[in-house]
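Have a look at the structure below, then the notes.
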Amino acid sequence: MNEENILKDRKIKPTAVRLLVLRELMEIDKAVSLKDLEQLLAHSDKSTIFRTLKTFEQQKLIHSIADGSGVTKYALCLESCECAPQDQHFHFHCISCEATFCLPKQSIPLVQLPPSFTITQANLVLKGVCANCN
Ligand SMILES: [Zn+2]
Ligand SMILES: [Zn+2]
């Protein structure tokens with residue numbers, strides 16, 4: 001699927017900036033912050049980049065990650081992702097280079113909850129040292 005169709009598939013109108021942001025997210029193998037994207041796309045308007053991320057998140061094209069660094073990071077969702085608890089996965093945060101990676105194969109474990117409790121979100125971050133820093 002090309003970038004335009006990936007956006008259309010998530011009911012997002014493909015604009016030039018949206019395509020640029022998507023391309024960056026596809027090329028990078030780690031989660032990025034708004035600031036990272038602003039630096040990568042230095043010629044694009046900052047508020048447009050911010051709005052693009054919000055639109056992508058709303059349409060479940062990307063998910064946000066709170067990795068404990070205090071800065072929200074974003075990464076692409078898998079094609080079938082609905083961002084439901086069963087679609088969520090562990091993340092890995094490198095304490096050396098501060099990079100955060102998705103571990104999409106490590107979905108969240110089934111947790112026994114008290115009656116009438118429901119999960120809406122899971123924030124599972126493993127910390128350690130990544131391959132680049134090891
Ligand atoms: Zn690292
Ligand atoms: Zn992720």
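The values are calculated or read from the model by the stated rules, or taken from the named source; none is laboratory data. None of the values given here were measured: they were computed from a predicted structure. Virtual Cβ from ideal backbone geometry, glycine too; neighbours counted across all protein chains shown.
Report those strands (runs of 3 or more DSSP E) wholly inside region 85-134 carrying at least 3 residues which are hydroxyl-bearing (Ser, Thr, Tyr). Before the answer, list the steps.
Details: elements: 89-94, 100-107, 125-128.
By residue number, no strands (runs of 3 or more DSSP E) qualify.
Scan Leu103, Leu113 and give me the residue that is without any contact (Cβ under 8 Å) to a residue 24 or more places away in the chain, out of contact with any Phe, Trp or Tyr (no Cβ under 8 Å at 6 or more places or on another chain) and more than 9 Å from ligand 1 (Cβ to nearest atom).
Working: Leu103 fails: out of contact with any Phe, Trp or Tyr (no Cβ under 8 Å at 6 or more places or on another chain).
Testing whether each residue is without any contact (Cβ under 8 Å) to a residue 24 or more places away in the chain, out of contact with any Phe, Trp or Tyr (no Cβ under 8 Å at 6 or more places or on another chain) and more than 9 Å from ligand 1 (Cβ to nearest atom) leaves just Leu113.
Can you pull out every residue in region 91-122 that is within 10 Å of ligand 2 (Cβ to nearest atom), surrounded by fewer than 18 Cβ atoms within 10 Å (Cβ to Cβ) and modelled with pLDDT of 90 or more?
Leu103
Per-residue answers, yes or no, for (1) touching a helix residue (DSSP H, G or I) at 6+ places or on another chain (Cβ under 9 Å); (2) more than 19 Å from Met26 (Cα to Cα):
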position: Pro85; (1), (2): no, yes
position: Phe92; (1), (2): no, no
position: Ile119; (1), (2): yes, yes
position: Ala122; (1), (2): yes, yes
position: Leu126; (1), (2): no, yes
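Take the residues in region 123-134 that are touching a residue at least 40 places away in the same chain (Cβ under 8 Å) and under 15 Å from Ala75 (Cβ atoms); name whichever of them is surrounded by the fewest Cβ atoms within 10 Å (Cβ to Cβ).
Filtering region 123-134 down to residues touching a residue at least 40 places away in the same chain (Cβ under 8 Å) leaves 123, 125, 127.
Filter once more, so that each one left must be under 15 Å from Ala75 (Cβ atoms): 123, 125.
Values: Asn123: 11, Val125: 15.
This residue is Asn123.
Any residue in region 72-83 that is surrounded by 15 or more Cβ atoms within 10 Å (Cβ to Cβ) and touching a residue at least 60 places away in the same chain (Cβ under 8 Å)?
No, every residue in region 72-83 fails to be surrounded by 15 or more Cβ atoms within 10 Å (Cβ to Cβ) and touching a residue at least 60 places away in the same chain (Cβ under 8 Å).
Restricting to region 91-131, what's the tally of residues that are hydrophobic (A, V, I, L, M, F, W, C), out of contact with any Pro (no Cβ under 7 Å at 6 or more places or on another chain) and under 15 Å from Ser64 (Cβ atoms)?
Within region 91-131, residues that are hydrophobic (A, V, I, L, M, F, W, C), out of contact with any Pro (no Cβ under 7 Å at 6 or more places or on another chain) and under 15 Å from Ser64 (Cβ atoms) number 4.
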